[in-house]
Amino acid sequence: MRLVNRTLLAGFFLWICFPSFAQQTKSVFSLVPLGVKGGIDESNLSAYMLAPKGSNNYVCLDAGTLHYGIEKAVANKIFNVPAEQVLKKYIKGYLISHSHFDHLAGLIINSPDDTAKNIYAFADCIETFKTHYFTWKSWANFADEGEAPQLKKYHYVTLVPEKETKIANTEMTVKAFPLSHSNLTSTAFLIRSEDNYLLYLGDTGPDEVEKSHNLDTLWQAMAPLIRAKKLKAIMIEVSFPDEQPDRALFGHLTPKWLMNELHQLEKFTGPDSMRGFNLIVTHVKPPQKSIEKIKQELGAENDLHLNLIYPQQGIKIDL
């Protein structure tokens, strides 16, 4: 009995003296992967529903696969309503990182059955929607700009770099940062809910290969949030294993290049500051043997002691 009391007292002492520990481990975001891969599997392409914990007001981070991913989440009892209700009522808007088809195909295909909501993106991405996707020769114009007649289901919201924008009908805001994806501008989305943050990166190559400073600029902006333990996770792509030559990266990362970039980030956050930090690995490309090699290499090269998370389609992650 005396031992039990001592244990209880020790636990109470830790709770009083280190209240931040409980705050750090408390889940504040719900992330539902609808698609986690790049490449040829059209049933599992980049798309993630994100909401504050306990809310059904989600934003969709990219939209490569929607319906199939939602159905898997429903089958896994993540949602207790039919898939069509998740699409129509739970997804309040779309953050589209860039205009490549594997990041927005689900939005296009599901648009006839969707409800009115906003599409948030940089200006060049929105222009591609207007001129290539929501046109009457390729599909139909479900937006409120572009080719006539306009069906006015979707409203475009043009994001300005590093300017915070409210995500309509949610408790969240977004701040966008440009990324270099070969000859295209991609986007990193910093999502805020109250004083909690999550960073999602669309496709990106390393600064050294891309001849860019975009990731360096992003890391400097993220460093204060990491030091303050306000940034709950970074979602970032690793498309190829290390054997992929730099000339054939086409604006993507390998395990080696990812860790190189995260060491740059650690220069701004301080030594050992990344230990246990949640890093969610996205956009892994088939075949499966390449995906397994990516995981092996990341595990071997993880000298920052990150908490590596490999999302699975239809399985919720609490952050």
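Just a few scattered comments:
- For region 84-101, 3J(HN,Hα) computed residue by residue from phi via the Karplus equation (6.51, -1.76, 1.60; θ = phi - 60°) reads 5, 6, 4, 4, 7, 10, 8, 7, 9, x, 10, 9, 9, 6, 6, 8, 5, 4 Hz, glycine and proline entered as x.
- For Leu45, the residues 5 or more places off, or on other chains, whose built amide H falls under 5 Å of its own are Val36, Lys37, Thr65.
- Look at the Cα gyration tensor of region 125-190: its axes a ≥ b ≥ c give a/c of at least 1.5 with a/b at or below b/c, and that counts as oblate.
- C-alpha long axis of helix 214-227 to longest principal axis of the chain, angle in °: 40 degrees
- Label separation (Gln296 vs Asp272): 3.2 nm, computed from points 7 Å beyond Cα along the C-beta direction.
- Here is the list for region 76-121: trypsin sites (Lys or Arg not before Pro) lying in DSSP coil, each with at most 10 other C-beta atoms within 10 angstrom of its C-beta, are Lys77.
- In terms of distances greater than 21 angstrom between alpha carbons, the cross-link table entries Lys256/Lys293; Lys88/Lys117; Lys117/Lys285 yield Lys117/Lys285.
- Fully extending the segment from Phe250 to Ala116 would add 44.8 nm, taking 0.36 nm per residue of separation and subtracting the current Cα-Cα distance.
- Take every pair of alpha-carbon atoms less than 8 Å apart whose residues are at least six positions apart; their mean separation over the length of the chain yields a relative contact order of 17 percent.
- Whole-Å distance, taken between Cα centres, linking region 207-239 and region 61-103: 26 Å
- 10 Å binning of all Cα-Cα separations within region 172-215, expressed as whole percents from 0 upward: 31, 44, 21, 4
- Three-way shape call for region 175-288 based on the alpha-carbon gyration tensor, with the a/c threshold at 1.5: prolate
- Separation in nanometres of the label points that stand 7 Å from Cα toward Cβ, at His132 and Asn307: 3.8 nm
- Pairs of Cα atoms nearer than 8 Å and 6+ residues apart set the relative contact order; for region 92-133 it is 57 percent.
- Derived scalar couplings ³J(HN,Hα) [region 51-64; Karplus, 6.51 cos²θ - 1.76 cosθ + 1.60; whole Hz; x for Gly, Pro]: 8, x, 4, x, 10, 9, 9, 9, 10, 9, 8, 6, 8, x
- Solvent-accessible heavy-atom area per residue, rounded to whole Å², over the chain at 1.4 Å: 46 Å²
- Each residue of region 187-196 was assigned a 3J(HN,Hα) from its phi angle through the Karplus expression (A = 6.51, B = -1.76, C = 1.60, θ = phi - 60°), giving 9, 9, 10, 9, 9, 10, 10, 6, 10, 10 Hz with x at Gly and Pro.
- Taking each DSSP H run with n ≥ 4 as -39500 (n - 2.57) and averaging over every residue of the chain yields -8500 deg cm²/dmol at 222 nm.
- The stretch between Asp144 and Glu243, if pulled fully straight at 0.36 nm per residue, gains 31.1 nm over its current Cα-Cα span.
- log10 of Debye I(q)/I(0), alpha-carbon scatterers only, for the chain at 0.13, 0.14, 0.15 Å⁻¹: -0.94, -1.08, -1.23
- Sequence-distant residues sharing a close amide H with Thr282 (under 5 Å, placed H): Ile236, Glu237, Val238
- Placing +1 on each Lys and Arg Cβ and -1 on each Asp and Glu Cβ, with no other charges, gives the chain a dipole about its Cα centre of roughly 1280 debye.
- Scoring 186-196, 261-271 by mean Cβ neighbours within 10 Å over their residues and listing the highest first yields 186-196, 261-271.
- Entries of Lys72/Lys130; Lys137/Lys316; Lys72/Lys267; Lys92/Lys175; Lys89/Lys295; Lys26/Lys92 with Cα pairs more than 29 Å apart: Lys72/Lys130; Lys137/Lys316; Lys72/Lys267; Lys89/Lys295
- Accessible surface of the chain, 1.4 Å probe, proportion on carbon and sulfur as whole %: 54 percent
The values are calculated or read from the model by the stated rules, or taken from the named source; none is laboratory data. Since we're looking at a predicted model, the values are computed, not measured. Ideal geometry is used to build each Cβ from the backbone, glycine not excepted, and the neighbour counts take in all protein chains shown. Protein only, heavy atoms only, side chains kept; ligands, DNA and RNA dropped before computing areas. Shrake-Rupley method; radii C 1.70, N 1.55, O 1.52, S 1.80 Å.
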